[in-house]
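Take a look at the structure below.
The values are calculated or read from the model by the stated rules, or taken from the named source; none is laboratory data. These figures come from a predicted structure and were not determined experimentally. Ideal geometry is used to build each Cβ from the backbone, glycine not excepted, and the neighbour counts take in all protein chains shown.
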């Protein structure tokens, strides 16, 4: 039992959600929770199943929409304890912790308790390097960026680039490359080699604009121990679990995985329904869903061999070239909160 810690989650009411709720309502409630699980019940408060982050992601991949009921999302076969009165076996929990993090306790069909099963993990530093695109002009943030590079603009008292580092450090990343160009000295003078942040930083110095993919040609691939690299823009603020991305990428044997998020777009105009040139009807302004490129990528370093040294290439063109060459490219949908810090 030394490797297992048991927490009883208090105030389970905030984890409860009715089966008739919509996907969007569920994700808003889910993102508010510190302990990431929803307990689904019917109108008589009888337990039906659970929803975890993996369930949300799976449903997005299947239905490609958030306009669905959570009945299509929930796991009806989730592991539970029924009519629990006695102390839970430590061996049972240790075995369970390999597969699950939460264990609802059910009496007479009702949820009476929620247990968190925490397996203690050794801190193992990840060999995957994080390449941060930090060389842009930051034109959307003028006049702030006239004398200060965008990555150094402070969010919650720290440069946005330092906040990004902190998020990755939580997942035991330690090797970073900053691709820099505009006012690069201010970034390099602040972070230096990363010792102050207890990480290792190297710099990809663009003497001319190379684009979000072209700067990757400056990497010395031979010095990278991992088979993969992570590429991210400096102005993305999110709290999604990077370990989930790595597991997803590896399970699919993906060459290039694009983090994506569903958003709703609304047309600015009414749609004309016509037969020939004759107008039969006019629809109100419609909305539709798209999966946007979140600008975080997990890439096999083998993909970099198609890049030409010091030649401009944007990420969209790079991805298109990889598609033409039959590389395996997948999207990784997220529901977590995010901010485009470059709009601040």
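Restricting the search to segment 206-226, which residues are touching a strand residue (DSSP E or B) at 6+ places or on another chain (Cβ under 6 Å) and surrounded by fewer than 20 Cβ atoms within 10 Å (Cβ to Cβ)?
Within segment 206-226, 218 is the sole residue that qualifies.
Just the residues that are surrounded by fewer than 18 Cβ atoms within 10 Å (Cβ to Cβ) and closer than 18 Å to residue 136 by Cβ, please, taken from segment 163-181.
Listed by number, the list holds a single entry, 163.
Kindly indicate whether residue 111 is surrounded by 13 or more Cβ atoms within 10 Å (Cβ to Cβ), assigned to a strand (DSSP E or B) and modelled with pLDDT of 85 or more.
yes
Give segment 115-133 a look and list any residue that's assigned to a strand (DSSP E or B) and modelled with pLDDT of 90 or more, or say none.
Selection gives 126, 130, 131, 132, 133.
What's the total number of residues in segment 14-37 that are assigned to a strand (DSSP E or B) and farther than 14 Å from residue 112 by Cα?
Looking only at that region, the number is 3.
Considering segment 171-213 alone, what residues qualify as being assigned to a strand (DSSP E or B) and without any contact (Cβ under 8 Å) to a residue 40 or more places away in the chain?
Within segment 171-213, 200, 201, 202, 203, 205 qualify.
Being in the same structural domain as residue 309 (by TED's automatic domain parsing), closer than 28 Å to residue 243 by Cβ, out of contact with any strand residue (DSSP E or B) (no Cβ under 6 Å at 6 or more places or on another chain) and surrounded by fewer than 19 Cβ atoms within 10 Å (Cβ to Cβ) is the requirement here; does residue 147 meet it?
No; evaluated as a whole, the condition is false for this residue.
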